[in-house]
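Q: Encoded as structure tokens, here's the structure I'll be asking about.
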Amino acid sequence: MNAIFFAIVFIAFTVAAWRQAGWSPPSDDPDAQSPMEALGLGMIDSAEGAVTLALGLIGVMGLFLGLMKVAEYGGLLRIIAKVLRPLLVRLFPEVPADHPAMGAVVMNLSANALGLGNAATPFGIRAMQELDRLNPHKGTATNAMALFLAINTSSITLLPTGVIALRAAAGSTDPAGIVPTTLVATLCSTIVAITSCKLLQHRFATPPPDPVGADDPADAATAYQESPVEAPLPETTDEAYSTPVSVAVLLGLLALIPVTVVWGKAIAPWIVPGLMVLLLGFGALKRVRVYEAFVEGARDGFNVAVRIIPYLVAILVAVGMFRASGAMEMLIGPLGALTAVVGLPADALPMALLRPLSGSGAYGVLASIIQDPAVGPDSYTGYLVSTMQGSTETTFYVLAVYFGAVNVRRVRHALPCALMADVAGIAGAVAICLILYGGVS
């Protein structure tokens, strides 16, 4: 992100300086702004807009994180984990069903499904640590590690809470309209992630174990029973529903795709009020003190909204400079003319390019796009970039954090599979947004 941030600023300054060198006031408007003046004003306006956006985000972020806290205390995360476990045992045949790694994988994917990115990361790191206990080739990603990372970057998302909150803060009349589009896009990316990993794992062979000091592969599956765990696995579960129940839930999820295509626009206005009632009702049935839990979650939402202000200022100022200098038009214009043919407009290109590289950067780009009066959150482009933000993970960040936690240097097929999942997620987002919102201007 350091390189991306500096590159955007430097390119913007260079382009503005080049335009300034050959600039002269037009005869019909002698008071027109020079390129450098426009650049400076763009920086100031972007910085002010970032803080204004963050202040507006506090309320809606508090609302959604409050609701999610009620659901968390009610055990919704554990219910999703119990649904997923029978399916994941078959996806990860190298991992024993009772291994702590399986519990961490289940909890990580469950947290991602609910849009709880901060809660998902600790589970993901623990999953990698436990998977590494089964690894006979230290420093090289196993098939299970590569598959877990690819699924993590493309995880099916049922509720992209952060993006909904940002759309609401930007004045959207339909902030939850991206729930059906995000579900479809993440289903596409997850299917591609799993398929590509299974097809490519045989093409990326692992080296033989080192003859000296290597773990015995025969003992790898039981090593966890003899090795102490550094810290207890939080909130994990060894329970599971039966396989028919898990399959039925998955089929029901797939059945939502045609439902969202046919009735997506009619369903979208019901989502936010319905979530409020359903999640609070779920918490009440589980005897959760819903008011106290909601307030605790809302307090977390306030802290999150305040904490992201510096990141928003940084990226929005950089993007504002890039636009004000004319560099955005020079870069995106020719490329956007090509991608627009397949439903990816020029305004959405920065989001598609930056999303796998930087989560905070993409978040800032999303904010700048949907706040642009010429675009707005409820246009086709607004729905598309919002869906992209909720449909893919920051691939290189996840790769660095998860593999870095276990000193894996040879990632094998993990990166190409994750990138293919990213492309599939973007393609799925374009397809479903064209179907549902292609006629929205």
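The values are calculated or read from the model by the stated rules, or taken from the named source; none is laboratory data. It should be emphasised that the depicted structure is a prediction, and the values quoted were computed from it without experimental measurement. Glycine also receives a Cβ, built like all others from the backbone with ideal geometry; neighbour counts cover every protein chain displayed. Note: areas computed on protein heavy atoms with side chains; ligands, DNA, RNA excluded. Shrake-Rupley method; radii C 1.70, N 1.55, O 1.52, S 1.80 Å.
Q: Can you give the FRET efficiency to the nearest 0.05 for Ala17 and Arg410, using r as the Cβ-Cβ distance and R₀ = 56 Å?
A: According to the calculation, E is roughly 0.80.
Q: Also, quick follow-up: Highest mean first, what order results for 172-185, 362-375, 79-92 on Cβ atoms within 10 Å?
A: Taking the mean over residues of other Cβ atoms within 10 Å, the ranking is 172-185, 362-375, 79-92.
Q: A follow-up question, please. Under a crude label model (7 Å from the Cα following the beta-carbon direction), how far is Arg90 from Val401 in nanometres?
A: It works out to 3.1 nm between the two label points.
Q: For a quick check of understanding: with a 1.4 angstrom probe and all protein chains in place, what accessible area in square angstrom does Glu72 have, to the nearest ten?
A: Rounded to the nearest 10, the figure is 90 Å².
Q: Return the FRET efficiency for the residue pair Ala3, Asp31: r is the Cβ-Cβ distance, R0 is 30 Å, and the value is rounded to the nearest 0.05.
A: With R0 = 30 Å, the Cβ-Cβ based efficiency is 0.20.
Q: With every protein chain left in place, what is the accessible area of Val411 in Å² (1.4 Å probe, nearest 10)?
A: Its heavy atoms expose roughly 40 Å² to the probe.
Q: If packing is taken as the mean number of other Cβ atoms within 10 Å per residue, what is the order of 18-24, 189-195, highest first?
A: Descending mean neighbour count gives 189-195, 18-24.
Q: Going 7 Å from the Cα of Val440 along its beta-carbon direction, which residues of the range 384-403 have the amide nitrogen within less than 13 Å of the resulting point?
A: Counting backbone N atoms under 13 Å from the label point, the list is 384-388.
Q: Separation between the Asn303 and Ala266 pseudo-spin-labels, each 7 Å from Cα along Cα→Cβ, expressed in nm?
A: 4.3
Q: Of Phe396, Phe294, Phe148, which has the most accessible area with a 1.4 Å probe, and how do the rest follow in descending order?
A: Phe396, Phe294, Phe148
Q: Next question. Given a Förster distance of 51 angstrom, what is the FRET efficiency for Leu41 paired with Leu254, based on the Cβ-Cβ distance and rounded to 0.05?
A: In this case the efficiency is close to 0.55.
Q: Separate question: Work out how much length Leu199 to Asp372 would gain on full extension: take 0.36 nm times their residue separation and subtract the Cα-Cα distance, in nm to one decimal.
A: Length gained, Leu199 through Asp372: 58.0 nm.
Q: Suppose accessible area is computed on protein heavy atoms with a 1.4 Å probe; arrange Asp132, Asp347 from highest to lowest.
A: From most accessible down to least: Asp347, Asp132.
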